[in-house]
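Here the structure is laid out as structure tokens; the discussion comes afterwards.
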Amino acid sequence: TQAPVNVTVTGAAGQIGYALLFRIASGQLLGQDTPVRLRLLEIPQAVKAAEGTALELEDCAFPLLSGIDIFDDAKKAFDGVNVGLLVGARPRSKGMERGDLLEANGGIFKPQGEAINAGAADDVKVLVVGNPANTNALIAQAHAPDVPKERFTAMTRLDHNRAAAQLAAKLGVGVADIRKLTIWGNHSATQYPDIFHAEVGGKNAAEAVGDQKWLEDEFIPRVAKRGAEIIEARGASSAASAANAAIDHVYDWVNGTAEGDWVSMGIPSDGSYGVPEGIISSFPVTTKNGKYEIVEGLEINEFSRGKIDASVQELTDERDTVKQLGLI
Ligand code: NAX
């Protein structure tokens, strides 16, 4: 049997953590043949709550869960990490400017990047969920020079899944009939959900929709602002759907994408599609044998170009700000 895979989860006592940990322990993150050892990181005030979650995990008697350790020290939590899920982050409080937000998160993602650099296993894969996810991933990456850059990714899979659900509902088909959707850019309101290359039952989805007004006035803003819609309805931000997307992101990265389909991941740009090299931006990717590759050669129409450029501009602005702050 396989040795357990070390999965470190930060923000483990938060609401996404609560929705995520049980699914990891049940085998949904890595597959039903892979035992996992959970390493939970929290701030000192939340360690007790994380311990409570650990008691419940124990009570599930998951056959694949080979142990749980809880830490308030990043160096320890990331020691030996194979998969790092960086969920805990500093939310924007009232009156906080973007620079303040980035600086506060630098205080979290810089030491975590250093801890990953110091202790991670050779095959480490990192997914940043905590917002602003793309730039937090960039900060962590900058402080882990010994880890290959492509191992740092940011989550846009929730946006991808939201887009798939909205498109399927519009066309009156099941989500399984939708393929090749793309989220481009930042995990923020500027993100661009692109249906021009998407397929529905093998046909082009944009043609099947045939309604540019729906695309511009309903679909794109609904996907981009879905987080706010959830908060408005639920009185709390997306948690189970975010945890589900994190599971999907890592599962597909490790186990590969389906033939004839792709997924969206925030990854360090190699300059493809005019996205400046180095920033962590969402692209269409296929995965195989634990590695991802950007889907190249898609024709980008003028409408898409404008949307992608706007989101990428926001990312380069964020990068410039964290550079000025000395965080990267
Ligand atoms: P919660 O506030 O419920 O939980 C966050 C947890 O992180 C808390 O328990 C806190 O103690 C912990 N934490 C704070 N600083 C930490 C540190 N330095 N080390 C370890 N733990 C630390 O938030 P939750 O709803 O779980 O959301 C977590 C993050 O996910 C937020 O930043 C949120 O904005 C982000 N999201 C990202 C999404 C995405 O698609 N990329 C979607 C969902 C979500 O909004």
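Each value in this text was obtained by applying a stated rule to the coordinates, not by laboratory testing. Remember, predicted model here, so these are calculated numbers, not experimental data. Here the Cβ positions follow ideal geometry from the backbone for every residue, glycine too, while neighbour counts run over all protein chains shown.
Measuring r between the beta carbons of GLU58 and GLU259 and using R0 = 45 Å, the FRET efficiency lands at 0.70. Taking the square roots of five times each eigenvalue of the Cα gyration tensor of segment 130-271, the equivalent ellipsoid has semi-axes of 26, 19, 14 Å, listed largest first. When you work out D = kT/(6 pi eta Rh) for segment 45-179 at 10 °C and 1.306 mPa s, using the Kirkwood radius from C-alpha pairs as Rh and the Stokes-Einstein form, the result is 93 µm²/s. Against the chain, whose longest principal axis comes from its Cα atoms, helix 157-171 is set at around 40 degrees.
Counting only Cα atoms, segment 204-266 measures 37, 37, 17 Å along its principal axes, largest extent leading. Counting Cα-Cα pairs of the chain in 10 Å increments starting at 0 gives whole-percent bin shares of 6, 27, 36, 23, 8, 0. Just tell me which lysines come within less than 26 Å, Cα to Cα, of LYS323; anything on the same chain fewer than 8 places away is out. The reachable lysines, counting only those whose Cα sits under 26 Å from LYS323, are LYS75, LYS94, LYS110, LYS125, LYS149, LYS307.
One way to sum up the overall shape of segment 5-101 is the equivalent ellipsoid from its Cα gyration tensor, whose semi-axes run 25, 14, 13 Å, largest first. Please determine, in degrees from 0 to 90 and to the nearest 10, the orientation of helix 15-25 with respect to the longest principal axis defined by the Cα atoms of the chain, where the helix direction is its Cα long axis. The helix 15-25 is inclined about 80 degrees to the chain.
Is segment 271-322 rounded, prolate or oblate when judged by the Cα gyration tensor, a ≥ b ≥ c being the square roots of its eigenvalues, rounded requiring a/c under 1.5 and prolate requiring a/b larger than b/c? Judged from the Cα gyration tensor, segment 271-322 comes out oblate (a/c at least 1.5, b/c at or above a/b).
Rounded to two decimals, the Cα-based Rg/Rh of segment 37-93, with Kirkwood Rh, is 0.99.
What FRET efficiency comes out for ILE43 versus LYS203 if R0 is 30 angstrom and r is the Cβ-Cβ distance? Round to the nearest 0.05. Result of the calculation: an efficiency of 0.05.
Summed over qualifying helices (DSSP H, 4 residues or more, each -39500 (n - 2.57)) and divided by its residue number, the chain shows a 222 nm mean residue ellipticity of -12500 deg cm²/dmol. Peptides 236-249, 297-310 ranked from most to least packed, by the mean per-residue count of other Cβ atoms within 10 Å: 236-249, 297-310. Charged neighbours of GLY227, selected by a Cβ distance under 13 Å, balance to +3 (K, R count +1; D, E count -1).
Summarising the label geometry, the points placed 7 Å from Cα in the beta-carbon direction at ASP317 and LYS291 lie 3.6 nm from one another. Label-point separation (nm) for ALA228 and LYS213, each offset 7 Å from Cα along Cα-to-Cβ? Result: 2.3 nm between the two label points. Take the convex hull of the alpha carbons in segment 214-328; its mean projected area over all directions comes to 9.4 nm². Helix 47-59 and the longest principal axis of the C-alpha atoms of the chain enclose an angle of approximately 90°.
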